[in-house]
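Notes follow the structure.
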Amino acid sequence: MNNILTVIKKEFARFFKDKRLVLSTLILPGLLIFVLYTLLGSVFYDRAPTYTVKVIHPSAFFTALFTPAEGEASSFDLIDAEAEDAESIKAEIRAGTTDLLVVLPENFDDLIVSGGVSAVGEAPNVEIWYNSASIDSSSAFSTVSAALDALEDSVSNRFDINISAGGDVSTAQEAEASYYAMLLPFLILTFLFSGCMGLAPESIAGEKERGTIATLLVTPIRRSELVIGKIASLSVLSALSAISSFIGTFLALPRLTGGSIGAAFASYSAGQIVALLAIMLSSVLLIVSLISIISSYAKSVKEAASLSVPLMIVVMLIGLSTMMFTVSSSAHAVFLIPIYNCVQAMAEIFSLRFSWVNLVITLASNLVYIVLLVWILTRMFKSERVIFNK
């Protein structure tokens, strides 16, 4: 046990004495993610543009489409215009001073009431002039087109949708949790793998490349103790890096989705947070063990990084699985699959479908895999052919 602690202290000293490594691994990832997502959220949600729309032949039905509910601000500034000003308004749209020109039929309201067909049996034409080179103009065009399409569909009034009954059965909290369940497991797995990749190859392949591994192996220490010490220290450091990134993401995502940090935290209990940390720890132990095996086989840090690329691709694809489909909580067998079980267990937590049974299966199976990988790595450390690349 003392030898294992000695190896852990050595790895910690190598890491924490390098201020640049601490800054780039522990502090900057979470900070940069928080700042980036917060800025994106500010752009998407704090910016409330007001579109300038000039309307020729104003209509009560058209105006009603863009009249906000009581207490809400309107996003559309509708300005009445004359038909003879159409060309000058188009010039304003090109110049960016006006976003949209809508030319309605003169008897638009009467046509809506009568069912949308003129006296000669022709459907009226609504002209919408916009500038596709302008983001605001394009956005205004999309909104107005969608509103007019909805109005056109409702002209015949053959049936109504969700007028007196029906609607979304999920709460706003559940909808936000579902978004987290799709995105966060992939991000966490990415952070975990990035943290492991930044540390594991340097610790093992780096020592082989510098020749210091030979000095370490001649010390009175068992190969198993050396392996456990390295994996334990690398796992802690990688987990710290991942936690830093996760905190930055979790704090910033509510801003990115238009919610609040307090509401996001209130959605999850202390037990769920502890379960999430346990899953992250088992994930990082698995990934560190896998990358350590690859690093032990490689001759240099560069080769270890190259050999780890296929593993990275597999891990990223597994992380994306939550965006493509969900797994039933009763499908306990899938929680025996390494890495995939961690992703699905995290998705259950974030989607408020947490299952203690699946958590236990995930952690227990991962423990078995970790023990097996440590045994394989120990065997590799005992092989001079592998360690010294003979």
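Solvent exposure of residue 323, expressed as accessible area, is near 80 Å², computed with a probe of 1.4 Å over the protein chains only.
Taking the 1.4 Å solvent-accessible surface of the range 53-102 as the whole, the part contributed by carbon and sulfur is 50%.
Over 18 Å between C-alpha atoms is what I'm after, so list which of 208/299; 10/302; 230/382; 10/208; 10/230; 17/382 land there. Distance filter (> 18 Å) returns 10/302; 17/382. Peptides 59-68, 334-343, 135-144, ordered by how many other C-beta atoms sit within 10 Å of their residues on average, highest first, read 334-343, 135-144, 59-68.
Annotation: amide H-H contacts under 5 Å for residue 76 (H modelled 1.01 Å from N, sequence separation of 5 or more, or interchain): 51. Relative to the current alpha-carbon distance between residue 17 and residue 329, full extension at 0.36 nm per residue lengthens the span by 107.8 nm. Packing around the peptides 293-304, 364-375, 79-90, 223-234, taken as the average count of other Cβ atoms within 10 Å per residue, puts them in this order, highest first: 223-234, 293-304, 364-375, 79-90.
The values are calculated or read from the model by the stated rules, or taken from the named source; none is laboratory data. Model, not experiment: these values are computed from the prediction. As a convention, Cβ positions derive from the backbone with ideal geometry for all residues, glycine included, and neighbour counts pool all protein chains shown. Protein only, heavy atoms only, side chains kept; ligands, DNA and RNA dropped before computing areas. Shrake-Rupley method; radii C 1.70, N 1.55, O 1.52, S 1.80 Å.
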